[in-house]
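**Student:** Sending over a structure as structure tokens; questions will come in a sec.
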Amino acid sequence: MQFLIETLINSAMASAASALVVVGLALIFGVMRIENFAHGELYMVGAYAAWYFGTSLGGGYAVGFVAAVMVTAMIGVFMEVFLFRRLKENPMGPLIVTIGVLLVLQTAAAWLFGVNSNLLVDSPFAGAASIAGINVPWHRLFVIGAAIVLLGGLTVLLRTTKFGWALRAVAQDKDAARLQGISIGAISLLAMALSAGLAGAAGALMAPIVRISPYMGQPIIITAFIVIILGGIGSLEGAILAAIIYSTFFTFISAYFDSTVASIAGLCLMLLVLVVKPSGLMGKAQKV
Amino acid sequence: MIELRNLAVHYGRVAAVHDVSLTFEHGINCIIGSNGAGKSTLMRAISGLVRPSSGSILFEGEPIENLSAKAIVERGIAHVPEGRHVFPELTVDENLKIGAYLRRDSAAVKRDYDKICSVFPRLAERRKQFANTLSGGEQQMLAIGRAIMAAPKLVLMDEPSMGLSPVMVGAMAEVIKSINAEGKSVLLVEQNANVALSLSSDAAVLEQGRISLRGKAADMKDDEHVRVAYIGV
């Protein structure tokens, strides 16, 4: 029973972190039709920024968190302005360039901080809560709460603001959006900042819990693509739903068997969904 | 109001519009032509979605062919695209409000919004529904409402009668007249020449990217070639 509750809480935390990463990936695919393979590295940079500004420079966790969001958002803006915008006419260009950014960020992190780093980020929420006789570290609950707040904020932004409508309009019909006077460039820029910033926030949230390394983005991005396919490409609601289903599934199988079995089972889950519903859980069949 | 001077538009090396020169004054005017004649391309060039390869477009006497789509909306040209292109997963309400994306005068936007809701009560009833739940005719009304929300001086309408029942086509004609009655000009592009010509004062026929005939809409209804090719009587 204890083990079950513990696993449930771990599932919720994994879902929360995964949802933050995946929603940004889905957002960029929706708006720009780009698969950002460097998205996992933005998560990694977020964790390093949280350590550097929060711990190394001594700013504290909150400063580290804000810095992580700002640094990653700036990388996102850079990618849009200097890379994607210049490669608009090239169908393979953005894809290849995201792999380039992935390698550059990984190498930069290894070069600046070393490969086998033992960097520790202290959570301001030390200690553990006692829930039904089980000790649950406060920071895990904080990750869950923070993800709910951030995703809630994103929903409000997309549903109730002019920027949100414009962003959804661009994702749904680019030419029609231009006819309303919406600047695709401006929306892409803000969408990249938002998407990268959310990945950075996820990295900073997870930094006190996971081992920080230049390669920590790799498993995240693989999971993220599985989740996006599961949820239906381009659907934000689908991505969040799939993040929760996949992370819960994965965490339970890891806990009761092991993580290799969980990876295989996760892929089988994706295949099963694709067989039953080829467009993903909440995806729509594309018209050709 | 709008003048095209030696306008040419190419897609790659293929010319869709060749050397088109046309002037339309205020009011309702139309360009008729068959499928693939270059009508939509001409509309897309006016609203800045495609760049002309040569020639110029003058709106109220000023060249606009090098302006962005956004700047052209700001100048007062709204475009109701062929096939409606409402935002399928935005609600009716959001679709209308996004038409006023560049406007800052919220009181006037609210007035226009209420006006559209009173002209199109079907849209008002479905305010909270996604646009993809509407019928074709309702979507066309929504696309027109969205264009009106931009407070344009000139409304470009690309095949507004396409796919509509005869009753809806009649309703559409009334809507176009009422838009014009409010002082907005309308440039219609249609395969359905009958309706377009009866609404318009001036008309032009576009064939294979070139203007083949130009004149008063009333005279064109009697033109032998137009009758055979576009009216079918």
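All of the numbers you see were taken from the coordinates with simple rules; none came from a lab. Please read all numbers here as calculations on a predicted model, not as lab measurements. Because the Cβ atoms are built from the backbone with ideal geometry, glycine has one as well, and the counts that use them run over all protein chains shown.
**Student:** Among strands (runs of 3 or more DSSP E) lying entirely in segment B:1-110, which contain 3 or more residues that are away from chain A (no Cβ under 14 Å) and touching a residue at least 12 places away in the same chain (Cβ under 8 Å)?
**Tutor:** B:2-11, B:14-24, B:28-32, B:54-59
**Student:** Moving on to the next point. From A:73, A:50, which residue is out of contact with any Ser or Thr (no Cβ under 8 Å at 6 or more places or on another chain) and buried (at least 24 other Cβ atoms within 10 Å of the Cβ)?
**Tutor:** Selected residue: A:50, the only one of A:73, A:50 that is out of contact with any Ser or Thr (no Cβ under 8 Å at 6 or more places or on another chain) and buried (at least 24 other Cβ atoms within 10 Å of the Cβ).
**Student:** Only one residue in A:211, A:168, A:159, A:178 is within 14 Å of chain B (Cβ to nearest Cβ) and farther than 21 Å from residue A:284 by Cβ. Which one?
**Tutor:** A:178
**Student:** Of all the residues that make up segment B:130-168, how many are buried (at least 17 other Cβ atoms within 10 Å of the Cβ), aliphatic (A, V, I, L, M) and part of a helix (DSSP H, G or I)?
**Tutor:** Total satisfying the criteria: 8.
**Student:** Please give the number of the condition residue A:250 fails out of (1) crowded, with 21+ Cβ neighbours inside 10 Å; (2) aromatic (Phe, Trp, Tyr); (3) within 15 Å of the chain's Cα centre (by Cα).
**Tutor:** Residue A:250 satisfies every listed condition except (3).
**Student:** Which members of segment A:16-46 meet the condition of being crowded, with 24+ Cβ neighbours inside 10 Å, in a helix (DSSP H, G or I) and not aliphatic (A, V, I, L, M)?
**Tutor:** If the condition is that a residue be crowded, with 24+ Cβ neighbours inside 10 Å, in a helix (DSSP H, G or I) and not aliphatic (A, V, I, L, M), then A:18, A:24, A:39, A:40, A:41, A:43, A:46 are the ones that fit.
**Student:** Given the conditions (1) buried (at least 19 other Cβ atoms within 10 Å of the Cβ); (2) over 21 Å from residue A:8 (Cα atoms); (3) of a type in the set (Gly, Ala, Ser), and given that residue A:93 satisfies all but one, which numbered condition is not satisfied?
**Tutor:** If we test residue A:93 against (1) buried (at least 19 other Cβ atoms within 10 Å of the Cβ); (2) over 21 Å from residue A:8 (Cα atoms); (3) of a type in the set (Gly, Ala, Ser), just (1) comes out false.
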